[in-house]
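One structure is given here, and the rest of the page talks about it.
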Amino acid sequence: MLVSIFFYSIVILFIPVASTVWIGQYNEIFVGCALALVLTMQLNTLTVPAYFVNMGTGQVSENARSQLVIGFGNLILGLGLGSFFGGWGVVASYAVSVVWGSASLFVRFMHRQEYNWDRLRPPHATRMLLTLSGSLGLLGCVEV
């Protein structure tokens, strides 16, 4: 979790730079969409251990179910939200679908493993590093 949050915070810090290099100026639409997608992928990355445990133990139906939730959620939400909100609706539908599918995989995995949810809470020093890392990443997206 710590490495993931640190990595994605660095990516978030460089979103405005990427906007300037690729587009030639700071573009709020690009930065907003990129931020939403990076945060979505951050949450999705945290489900990778559950995904690979399922692969290794033959529980691939759990992974397939998660992918179906993502796919159909994106299709249905994308059509609906995209019709009303254009590109923002499509980005939002993708983000919601990925978070929904990833969360369903993670929750089912935790339940099946009878894992104690309290063990997910990182120690105090790690929480401080996570907070600092996440804050720096979010500050990088503030227009100067």
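When nucleic acids and ligands are ignored and a 1.4 Å probe is applied, F7 ends up with an accessible area of around 110 Å².
For the stretch 1-65, with all protein chains in place and a probe radius of 1.4 Å, 74% of the accessible heavy-atom surface sits on carbon or sulfur. Here the Karplus curve 6.51 cos²θ - 1.76 cosθ + 1.60, taken at θ = phi - 60°, turns the phi angles of the stretch 57-74 into couplings of 9, x, 8, 5, 4, 5, 5, 5, 4, 4, 5, 5, 4, 5, x, 5, x, 5 Hz, with x standing for Gly and Pro. Kirkwood radius for the stretch 1-121, taken over all pairs of different Cα atoms as the inverse mean of 1/r, rounds to 15.9 Å.
Using the 1.4 Å probe convention, the accessible area of the stretch 1-92 works out to 61 Å² per residue with neighbouring protein chains retained.
The values are calculated or read from the model by the stated rules, or taken from the named source; none is laboratory data. Everything quoted here is computed from the prediction, not taken from an experiment. With ligands, DNA and RNA removed, areas are computed over all heavy atoms of the protein, side chains included. Shrake-Rupley method; radii C 1.70, N 1.55, O 1.52, S 1.80 Å.
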